[in-house]
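The values are calculated or read from the model by the stated rules, or taken from the named source; none is laboratory data. Not measured: the values here are computed from a predicted model. All Cβ positions, glycine included, derive from the backbone under ideal geometry; neighbour counts span all protein chains shown.
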């Protein structure tokens, strides 16, 4: 599977870029899945709902399914957070997996950057390009943060899918 990350500090524009890239690359005929890392506790379930009640009662996993989608919730119960590699094994095969976060992992990435945040660049060797709202003096390509088509072209070339573009 081809994996490409979108990284950056808080409020850098990662989620908006991810959303636009999924839409753009999917529209080109590629299948895309996403992984989003959260640095805090989160819940996709709500008190009072049956699946929440199952988890609260002690179920290790709860699989919620309908004709439109399914969601698997797995309680870690003190286990270490799973690695990105472990999580990727749980996904069905697709043309491209876009990963938001996991900035320390070794897959190729594009770094989102907004000047107003005042944050320094991550710019490690896994960052292959930047998407920014300002000019950057770096040794890698820099795209306008909103140039979704150009960024998609770059990512598809970088993972070797450009030749399959529709």
Next on the checklist: Pull out all pairs, ordered by first then second residue, where Cβ-Cβ is under 7 Å, the residues are six or more apart or on different chains, the first lies in region 154-166 and is under 16 Å from residue 94 (Cβ atoms), and the second is assigned to a helix (DSSP H, G or I) and modelled with pLDDT under 95.
Outcome noted: 156/162
Checklist entry - Counting only residues that are in contact with a helix residue (DSSP H, G or I) (Cβ under 8 Å, 6 or more places away or on another chain), closer than 22 Å to residue 35 by Cα and in contact (Cβ under 8 Å) with a residue 40 or more places away in the chain, how many does region 96-144 have? => result 13
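Can you say whether residue 92 is surrounded by fewer than 12 Cβ atoms within 10 Å (Cβ to Cβ) and part of a loop (DSSP other than H, G, I, E, B), as far as the supplied structure shows?
Numbers: surrounded by fewer than 12 Cβ atoms within 10 Å (Cβ to Cβ): yes; part of a loop (DSSP other than H, G, I, E, B): yes.
Taking the combined requirement at face value, the residue satisfies it.
Residues are listed down the side, and each one gets a yes or a no for (1) closer than 30 Å to residue 164 by Cα; (2) at pLDDT below 95; (3) part of a loop (DSSP other than H, G, I, E, B):
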site: 17; (1), (2), (3): yes, no, no
site: 30; (1), (2), (3): yes, no, yes
site: 42; (1), (2), (3): no, yes, yes
site: 48; (1), (2), (3): no, yes, yes
site: 54; (1), (2), (3): no, yes, no
site: 73; (1), (2), (3): no, yes, no
site: 79; (1), (2), (3): no, yes, yes
site: 97; (1), (2), (3): yes, no, no
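Of all residues in region 1-21, which are touching a strand residue (DSSP E or B) at 6+ places or on another chain (Cβ under 7 Å) and surrounded by fewer than 17 Cβ atoms within 10 Å (Cβ to Cβ)? Spell out the reasoning first.
Keep residues of region 1-21 that are touching a strand residue (DSSP E or B) at 6+ places or on another chain (Cβ under 7 Å), which gives 1-8, 12-15, 17-18, 21.
Within region 1-21, 1, 15 meet the criteria.
Taking the criterion of being under 13 Å from the mean Cα position of the chain (by Cα), within 19 Å of residue 12 (Cβ to Cβ), at pLDDT 95 or above and outside any loop (DSSP other than H, G, I, E, B), would at least one residue in region 111-125 satisfy it? Please lay out each step first, then the result.
Applying the first criterion (under 13 Å from the mean Cα position of the chain (by Cα)) to region 111-125 yields 111-112.
This time we only want the ones that are within 19 Å of residue 12 (Cβ to Cβ), so: 111-112.
Checking which are at pLDDT 95 or above leaves us with 111-112.
From what's left, outside any loop (DSSP other than H, G, I, E, B): 111-112.
Checking region 111-125: at least one residue is under 13 Å from the mean Cα position of the chain (by Cα), within 19 Å of residue 12 (Cβ to Cβ), at pLDDT 95 or above and outside any loop (DSSP other than H, G, I, E, B).
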